[in-house]
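The values are calculated or read from the model by the stated rules, or taken from the named source; none is laboratory data. Owing to the predicted nature of the structure, the values given are computational and were not obtained by experimental measurement. Virtual Cβ from ideal backbone geometry, glycine too; neighbours counted across all protein chains shown.
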Amino acid sequence: MKKLRSLSLVALMAVTVSLSGCGSSAGTSTSAATTGEQTSAASTASGDTIKVGILHSQSGTMAMAEKPMIEAVQMAIDEINASGGVLGKQISYVSEDGASDAAIFAEKATKLLTKDNVATIFGCWTSASRKAVLPVVEGNNGLLWYPVQYEGLESSHNIMYTAPCPNQQAIPALDYIMENIKPKSGDKVKIFLFGSDYVYPRTTNTIIKAMQPDYGFEIVGEEYIPLGYTDCSTVITKIQQSGADIIVNTINGDSNVSFFKQYRDAGLKPEDIQVMSFSAYEEDIRGMGPEYSDGTLFAWNYFQSIDTPESKDFTEKFQSLYGSDKVTGDPVVNAYEGVYLWKKAVETANSFDVEEVIKVCESGSVETDTPEGVVSIAAGDTHHCLQKVFIGVADKDGQIQSVWETSDRVEPDPWLKSYAWAESAGLGS
């Protein structure tokens, strides 16, 4: 039995919101899918390959953030093939461009499942794209591995969520803010909420507002801009006038470049009004220049700077393949580890059958070593992973250095069942 539970507000917003700025991009992008099958046609015919789909934005406002994730998935596939493949089969792939447009994501997911007959799909960044793909994978009994932090309040039988839900990112970030940001005036920390205008930022901020009575902070403003929007000056003026101590930034895509540059151009510095970002990562910093993000805060489950052999090896290999100036980060690692989690589930199930793979994932037995450490899919039907949480500060070299972390991996709670304030606010189920 397929199952989708979703907060009614989120579902309504998913229907009404589409990603902007990408209609013409789809028309000018390459019409044929990029494939990883150039040398495998004969083996496919003989049954020696298994085909998967990669579905990310190669054009439009989200392309800057998502292109490294495509590279990470391809890198994982190449590694697995070099070590013998999966169940004796080499992996081939079809890579489609979602073009930063939710409707195109749904169209491409349909193609991947019904025409290309892929065994699974690795992809999506925005919640708008994921929610557009969700009914496609459910209706065709496909399986999507979703690699980006999101607003929670969802679990689908046909999606594996390899990135954090709010209790593994946003909520610990607010805990950090309350412990470390001192109000410039009065006794309450003043927070300004600024994000892209779609489901993830709005729902995350709904959660933050539900936390307010228990936490005792003050929300002094809440503003949204369309995805791809580049003029943040009016909102920055409002932030300056609000008396905010910190901006909680849920902007996605290349609008982050505009925001951080205009934040600095307005004369703002972290010691004046700090920024805590939930969706910007090392690739965004590379795109804008480290001088614009220096000293600001980021909440993720992995930073490239994490000093472990596994993390260093991953970065070195990624850069050797794609360029010495390339950076990694949490979304990149989550995209990479999704391929390995699928491999582990397939091998444990001894089958590529979607239902058999899901059954194994729900057993709690699927885990793999990754650049961020051991990643496990939690037992049960929510399909989320256990995640450590890191808060970091951007440095002058474009890296994010950890300044706080949880002592252990955090169990996922996508429905916020362990929080009394969430129940009082009518969140979850």
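Just one of (1) of a type in the set (Gly, Ala, Ser); (2) under 23 Å from residue 180 (Cα atoms); (3) outside the structural domain of residue 254 (by TED's automatic domain parsing) fails for residue 323. It is (2).
Here the condition is being buried (at least 20 other Cβ atoms within 10 Å of the Cβ), more than 25 Å from the chain's Cα centre (by Cα) and in contact (Cβ under 8 Å) with a residue 24 or more places away in the chain; of 236, 247, it holds for 236 alone.
Would you point out the residue of the range 85-115, among those that are of a type in the set (S, T, N, Q) and within 22 Å of the chain's Cα centre (by Cα), that is surrounded by the most Cβ atoms within 10 Å (Cβ to Cβ)? Within the range 85-115, the match that is surrounded by the most Cβ atoms within 10 Å (Cβ to Cβ) is 100. Which ones in the range 110-135 are of a type in the set (Val, Ile, Thr) and within 20 Å of residue 381 (Cβ to Cβ)? Within the range 110-135, 120, 121, 133 meet the criteria.
Results for (1) among the charged types (D, E, K, R); (2) within 23 Å of residue 360 (Cα to Cα); (3) without any contact (Cβ under 8 Å) to a residue 12 or more places away in the chain, shown as yes or no for each residue.
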residue	(1), (2), (3)
106	no, no, no
122	no, yes, no
127	no, no, no
142	no, yes, no
152	no, yes, no
163	no, yes, no
176	no, no, no
179	yes, no, yes
194	no, no, no
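Within the range 332-372, the only residue that satisfies the criterion of being out of contact with any Cys (no Cβ under 8 Å at 6 or more places or on another chain), among the small types (Gly, Ala, Ser), crowded, with 24+ Cβ neighbours inside 10 Å and within 18 Å of residue 90 (Cα to Cα) is 338.
Out of the residues in the range 310-327 meeting the condition of being assigned to a loop (DSSP other than H, G, I, E, B) and not aliphatic (A, V, I, L, M), tell me which one is surrounded by the most Cβ atoms within 10 Å (Cβ to Cβ). Across the range 310-327, the extreme among qualifying residues is 326.
Name the pairs whose Cβ atoms lie under 7 Å apart, with the first residue in the range 307-331 and without any contact (Cβ under 8 Å) to a residue 40 or more places away in the chain, the second surrounded by fewer than 21 Cβ atoms within 10 Å (Cβ to Cβ), and 6 or more positions between them or separate chains? Sorted first by the residue in the range 307-331, then by its partner, the pairs are 319/326.
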